[in-house]
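The values are calculated or read from the model by the stated rules, or taken from the named source; none is laboratory data. Keep in mind that this is a model prediction, so the values were computed, not measured. Here the Cβ positions follow ideal geometry from the backbone for every residue, glycine too, while neighbour counts run over all protein chains shown. Keep in mind that these areas ignore ligands, DNA and RNA; they rest on the heavy atoms of the full protein, side chains included. Shrake-Rupley method; radii C 1.70, N 1.55, O 1.52, S 1.80 Å.
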Amino acid sequence: QCGACGPGYASPLDAMKGKCCVFCLQGPREQILYLPCIYRNTGIEKPDYLATVDVDPKSPHYCQVIHRLPMPNLQDELHHSGWNACSSCFGDATKTRNLLILPSLISSRIYVVDVGTDLRAPRLHKVVEPVELFRKANVANPHTSHCLGTGDILISCLGDPSGNGKGSFILLDGKTFEVKGNWEKGEKVPSLGYDFWYQPRHNVLLSTEWGVPKVLANGFNPADVERGHYGRHINVWDWSTHTLIQAVDLGNGSIPLEIRFLHNPDAAEGFVGCALSGAVHRFYKTRKGDWAAEKVIEVPSKKVQGWLLPDMPGLITDILISLDDRFLYFSNWLHGDIRQYDISNTHEPKLVGQVFVGGSIPKGGPVTVVEDKELQCQPEPFVIQGKKVPGGPQMLQLSLDGKRLYVTSSLYSGWDKQFYPDLLKEGSVMLQIDVDTQKGGLKVNPNFLVDFGKEPEGPVLAHEMRYPGGDCTSDIWV
């Protein structure tokens, strides 16, 4: 990018071309990725770190971790990251996308990482200690970070300092990174929090619900769903007044996680993936001006033997939309597949691509599928470059041009330990899926493998991915 127009791109389609303004030529493909690597629950007493991975096929360091930035503390559980500035700040040449915001899900610290001084070797810029969140906003367990057009940072939280559920938000000053306090106003606050997306053109922010932090901290108990400890709502906020105005109920046991508006800022609709129910709901603004949701995709559970429950859900854990709003992708962490849907008609998504890259149901494993509404037989174990991959597909990131889908296999160390114990022993992986952007279709790139089981300090759990220039899940157009 030339830098003359500030961070990001004028439109989603400009982002697909890599052009920030009329003076820019076609932008280069992604060359490096940043992703947090987690040691909590692995038995290795080392701090989490931010890894820089070379993804340039022309580089001699292709598919290698070229830099590691360790955090100064243990047991943080780095999770999802965001930018200090994105396309919501486009047009403001005084702002630069040069700092990565790294909330810690368990310790409640927030790390601010300088990636602008040296893209290939990030350095720590500032640490926001948890006491600041506790004292100024009565929140803990920060999760999703989005920059605002004002330059400030908005972060959703899962709970309060005691580990109870609380769907609050905090504001960070975009220059000093001091905690300003709560974003939300009024007495109404959801009992649970998780992800969010905002759309000023429709005066709305939508947030989702995972679970009570002290309940989900060390594993999943199905009985906690019936006890009301896991989420079921899309919460609707008035963007201008910061007040909660509606809760859209997606059903008991749904657990809505990642939520994505269509990238077109005029669109008043999007999708949310529900982990436990295996459903994707389309949410939309009604003619009355309120918000509603309809189920448009459902992954049926499989009847199994040799597993935690007799019915195994797909566990949809991540979801994203291509920048041209044509394709939707999601990961089934337990079943082991990644799916691509054509959403040209948002009411009726059509499955056009599917690939299995692990999961709990491959042939020869401990789980036997006794009834399957989708597959004729259990999939083959996933092997790449001679390595049988543990875990299942989890976090997704799509190249700006939509042609390469990156995937990692760790969900959250407390749940990895329960559902995929081998993941903690062998480490997670990062894969790349080649995407057919014409007719649809997914194919694993056999030449791409980043094996985080071979890290210098021992196997590690790699999670969410970011590009220095922005991506499908961090850029918001206003």
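Tell me, please, whether a residue that is surrounded by 22 or more Cβ atoms within 10 Å (Cβ to Cβ) and in a strand (DSSP E or B) can be found in the range 282-289. Taking every residue of the range 282-289 in turn, at least one turns out to be surrounded by 22 or more Cβ atoms within 10 Å (Cβ to Cβ) and in a strand (DSSP E or B).
Results for (1) farther than 22 Å from S87 by Cα; (2) among the hydroxyl-bearing types (S, T, Y); (3) within 18 Å of the chain's Cα centre (by Cα), shown as yes or no for each residue.
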{"position": "N182", "(1), (2), (3)": "yes, no, no"}
{"position": "L192", "(1), (2), (3)": "yes, no, yes"}
{"position": "F196", "(1), (2), (3)": "no, no, yes"}
{"position": "H202", "(1), (2), (3)": "no, no, no"}
{"position": "T208", "(1), (2), (3)": "yes, yes, yes"}
{"position": "N218", "(1), (2), (3)": "yes, no, no"}
{"position": "Q246", "(1), (2), (3)": "yes, no, no"}
{"position": "N264", "(1), (2), (3)": "no, no, no"}
{"position": "G278", "(1), (2), (3)": "yes, no, yes"}
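Looking at the range 433-478, which of the residues that are of a type in the set (A, V, I, L, M) and either more than 29 Å from Y49 (Cβ to Cβ) or free of Cβ contacts under 8 Å to residues at least 24 places away in the same chain (or both) is most open to solvent (accessible area, probe 1.4 Å)? Checked the range 433-478; the qualifying residue most open to solvent (accessible area, probe 1.4 Å) is V478. In summary, D152 fulfils each of the numbered conditions (1) open to solvent by 50 Å² or more (accessible area, probe 1.4 Å); (2) farther than 16 Å from R466 by Cβ with the single exception of condition (1).
For the range 321-343, a residue qualifies if it is in a loop (DSSP other than H, G, I, E, B) and not polar (S, T, N, Q), and the qualifying residues are L323, D324, D325, R326, W333, L334, H335, G336, I343. Just wondering, is there one or more residues in the range 340-352 that are in contact with a Ser or Thr (Cβ under 7 Å, 6 or more places away or on another chain) and either surrounded by fewer than 24 Cβ atoms within 10 Å (Cβ to Cβ) or not acidic (D, E) (or both)? No: the range 340-352 contains no residue that is in contact with a Ser or Thr (Cβ under 7 Å, 6 or more places away or on another chain) and either surrounded by fewer than 24 Cβ atoms within 10 Å (Cβ to Cβ) or not acidic (D, E) (or both).
Residues in the range 45-97 that are acidic (D, E) and either closer than 21 Å to D152 by Cα or open to solvent by less than 10 Å² (accessible area, probe 1.4 Å) (or both): D48, D54, D76, E77, D92. For K166, the conditions (1) under 16 Å from V112 (Cα atoms); (2) buried (at least 16 other Cβ atoms within 10 Å of the Cβ); (3) not polar (S, T, N, Q) are fulfilled apart from (1). Beta carbons closer than 9 Å, at least 6 apart along the sequence or on distinct chains, pair a first residue in the range 376-390 that is in contact (Cβ under 8 Å) with a residue 12 or more places away in the chain and under 15 Å from N332 (Cα atoms) with a second that is part of a strand (DSSP E or B) and among the aromatic types (F, W, Y) for P379/F356; F382/F356.
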